[in-house]
Every structure is written in structure tokens, then in C-alpha cells.
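The values are calculated or read from the model by the stated rules, or taken from the named source; none is laboratory data. Remember, predicted model here, so these are calculated numbers, not experimental data. Note that we place each Cβ from the backbone using ideal geometry, even for glycine, and neighbour counts take in every protein chain shown.
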Amino acid sequence: MNNTDHWLRPGRSRPLVVAHGDEGGRGLFPGNTLLYLREMVALGVDAVEMDLHLTADSHLVMLHDGTLERTTDGKGMVASKTLAELKSLNAAYHWSPDGERYPYRENPQPLATIDEVLAEFPHTPLIIELKDSDHRAAEVLARVIQRAGCETRVIVSSFHRGVIRRFRNLCPQVATGATLPEALLFFAAQCLFAERRLRSAYQTMQLPCRYYGLPVFTRRFVQAARRCGLHLAVWTVNDLESMKKYINQGLDGIVTDRPDRLLSILDSRFRKVE
């Protein structure tokens with residue numbers, strides 16, 4: 001985990017195991033919490049994924065939704081709350097492994113800032129998604145990353161083109177993921193054998209298994225990404241057969257709610273090879 005300078009090198013012998021920050025109970029621990037990060041690092045994953053939202057007083061907190069009701073015991077919009085107000089909430093209040101037990105109502109997990117994450121995990125590779133459409137989110141994250149000096153161990157992405165463009169301008173040395181329009185353009189270009197003509201501003205593509213029912217990771221698509229030196233990861237893969245399929249395809253990363261399963265497969269396969 002400490003050798004992060006080359007962790008995004010495409011064409012590794014095995015895919016990166018990327019823990020997905022799920023809050024719905026599909027994972028092992030409630031995502032977007034410090035508990036989740038601690039447990040995933042202890043498990044031995046290669047990288048952890050998280051989501052960030054901007055508070056009313058310009059802090060970035062780990063949370064998937066722009067509203068509080070689904071995952072916390074609070075109500076309202078994250079953007080309308082100060083960090084102090086959010087710190088009083090339980091980020092794992094609604095997390096349940098089976099829909100019946102809610103183990104973190106008696107063991108509350110506070111919302112955490114990206115500053116806290118970077119301070120506690122100084123060597124862990126992170127995949128960060130900025131959820132806000134507000135450009136200030138990019139500016140705050142850029143300052144935090146530069147202050148922490150962690151430019152080589154993070155990937156930053158966003159569905160909002162303006163936000164990721166602003167971040168790229170502020171932190172050109174940080175790897176970023178393709179936006180949906182960028183990924184669609186790449187897919188179209190590789191169909192025409194024209195992917196090398198693109199001047200991509202991104203270094204990675206983290207994409208779903210399928211898009212509108214169509215498989216994304218065709219042999220041609222993977223080969224095109226390889227030719228362009230792009231790091232390629234798939235999300236979110238939880239069943240064993242799909243994990244084996246994407247390992248065989250030679251993807252650079254697999255994002256999963258169940259990294260324990262993926263680590264078991266990889267340990268068995270690469271131990272046999274050795």
C-alpha cells in the first residue's frame with residue numbers, strides 16, 4: 001500500500017481490489033464511514049472508493065446522497081448544514097445487513113471529512129467522487145489534496161463536467177476519471193478505430209458492467225484502452241463468476257462491495273501461479 005507512485009500503472013498482473021463505499025447493506029460495513037475505511041485497509045484492499053458532498057460552510061464530508069434521510073438519522077440537504085450540525089448525526093443509522101438488524105444505531109458512526117480521511121490514512125490509495133455540481137467542491141478538494149501532499153495516491157471523478165474541469169485546472173498532476181460524455185466519446189471512437197485521435201484529459205475510466213443493457217468491456221474496448229494507456233476499472237461486481245470474468249479480461253481494477261470474495265479468488269489464483 002505504501003508504493004503508490006505506480007499503483008495506476010495499466011497492465012498489472014492482477015486487478016486492483018477496490019472497496020466500494022456501499023451504504024445499503026450489500027457490503028461488509030457501512031460505506032463512507034471511517035469504520036469502513038479502517039476495516040477495508042485491515043482487510044488488505046488496494047484502494048477504497050468514497051463519495052464527497054460540500055457542506056454549507058465549505059467542508060467536504062463523506063456521504064453518497066445530497067440528502068440525509070436515506071443513510072443518516074438527520075433530515076434535509078447536506079448543502080444546507082454546517083459541519084458542526086452534520087457531526088451530530090449517525091452516518092450508519094439505516095445500515096442493515098438483512099433489513100432486520102441495525103447494528104450501528106447502538107454504535108453510531110459520525111460523518112467524517114476528507115481532511116480526517118487523509119490524516120488517518122496517509123498511504124491508502126483513494127478513489128474520490130465529487131457529488132456536487134458546485135465548482136467550490138473542486139476548489140476545496142484541490143486545496144485539501146495539495147495541503148496533504150497526496151496527489152499521487154488519489155483519483156478524482158465527478159458526473160458534473162464543470163466540476164471535474166475545474167478540478168483538472170487546479171490539480172493537473174492528479175489522475176482523474178472520465179465523465180460519462182467522455183467515456184461515451186471514447187466508446188464511439190474505438191468502434192471506428194479512432195481512439196488514438198482523442199486528446200483525453202483523463203487517465204482512468206471507471207465504468208459499469210453494462211450501459212443500457214449493452215456490455216461495456218468488450219475485447220475491442222479493453223484493447224483500445226490499453227493502446228491509450230488508460231487505467232480501466234469496472235463497478236460494481238459482487239458475484240464470484242463475474243469477478244472471475246473480469247480478472248480473465250485483464251482489467252486494471254474491480255470495484256466491489258465484497259472485497260473479501262475478490263481477494264480470496266486472487267490469492268488462490270496467483271498463489272497457484274507462483
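Suppose we filter D260, D239 for residues that are under 23 Å from G31 (Cα atoms), in contact with a Leu (Cβ under 7 Å, 6 or more places away or on another chain) and of a type outside the set (S, T, N, Q); which single one remains?
Going through D260, D239 in turn, just one is under 23 Å from G31 (Cα atoms), in contact with a Leu (Cβ under 7 Å, 6 or more places away or on another chain) and of a type outside the set (S, T, N, Q): D260.
Residue check, A138 against (1) under 18 Å from the mean Cα position of the chain (by Cα); (2) surrounded by fewer than 21 Cβ atoms within 10 Å (Cβ to Cβ), all met but one. Which one?
The single condition A138 does not satisfy is (2).
In the range 146-167, which residues are of a type in the set (V, I, T) and more than 24 Å from D252 (Cα to Cα)?
Residue satisfying the conditions is V163 alone.
Across the range 223-243, which residue is nearest to the chain's Cα centre (by Cα) among those that are crowded, with 19+ Cβ neighbours inside 10 Å and in a helix (DSSP H, G or I)?
M243
Working only within the range 201-215, note down all residues that are part of a strand (DSSP E or B) and either modelled with pLDDT under 95 or over 15 Å from the mean Cα position of the chain (by Cα) (or both).
Answer for the range 201-215, where residues must be part of a strand (DSSP E or B) and either modelled with pLDDT under 95 or over 15 Å from the mean Cα position of the chain (by Cα) (or both): R210, Y211, L214, P215.
Go through the residues of the range 258-271 one by one and say whether even a single one is touching a Cys at 6+ places or on another chain (Cβ under 9 Å), of a type in the set (S, T, N, Q) and not in a loop (DSSP other than H, G, I, E, B).
No, there is no match, as no residue in the range 258-271 is touching a Cys at 6+ places or on another chain (Cβ under 9 Å), of a type in the set (S, T, N, Q) and not in a loop (DSSP other than H, G, I, E, B).
Does G250 satisfy being surrounded by 13 or more Cβ atoms within 10 Å (Cβ to Cβ), out of contact with any Leu (no Cβ under 7 Å at 6 or more places or on another chain) and part of a loop (DSSP other than H, G, I, E, B)?
yes
Table: residues versus (1) modelled with pLDDT of 95 or more; (2) of a type in the set (A, V, I, L, M, F, W, C); (3) closer than 29 Å to R38 by Cβ; (4) part of a strand (DSSP E or B).
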position	(1), (2), (3), (4)
D115	yes, no, yes, no
A119	yes, yes, yes, no
I127	yes, yes, yes, yes
R147	yes, no, yes, no
S157	yes, no, yes, yes
G162	yes, no, no, no
R165	yes, no, no, no
R199	no, no, no, no
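Do we have any residue at all in the range 180-191 that's more than 16 Å from P10 (Cβ to Cβ), modelled with pLDDT of 95 or more and part of a loop (DSSP other than H, G, I, E, B)?
No, because not a single residue in the range 180-191 is more than 16 Å from P10 (Cβ to Cβ), modelled with pLDDT of 95 or more and part of a loop (DSSP other than H, G, I, E, B).
Does L111 satisfy the criteria of being within 18 Å of E23 (Cα to Cα) and at pLDDT 95 or above?
Yes, satisfied.
When the range 181-196 is examined, which residues are found to be exposed (fewer than 13 other Cβ atoms within 10 Å of the Cβ), under 19 Å from K131 (Cβ atoms) and of a type in the set (A, V, I, L, M)?
Scanning the range 181-196 gives no hits.
Being among the polar types (S, T, N, Q), more than 21 Å from D22 (Cα to Cα) and either surrounded by 14 or more Cβ atoms within 10 Å (Cβ to Cβ) or out of contact with any helix residue (DSSP H, G or I) (no Cβ under 6 Å at 6 or more places or on another chain) (or both), is that true of even one residue in the range 260-270?
Yes: one or more hits.
Among the numbered criteria (1) in contact with a Gly (Cβ under 8 Å, 6 or more places away or on another chain); (2) free of Cβ contacts under 8 Å to residues at least 12 places away in the same chain; (3) of a type in the set (V, I, T), which one does V156 miss?
(2)
Test A137 against the criterion of being under 29 Å from A175 (Cβ atoms), in contact with a His (Cβ under 9 Å, 6 or more places away or on another chain) and touching a residue at least 40 places away in the same chain (Cβ under 8 Å), and give yes or no.
yes
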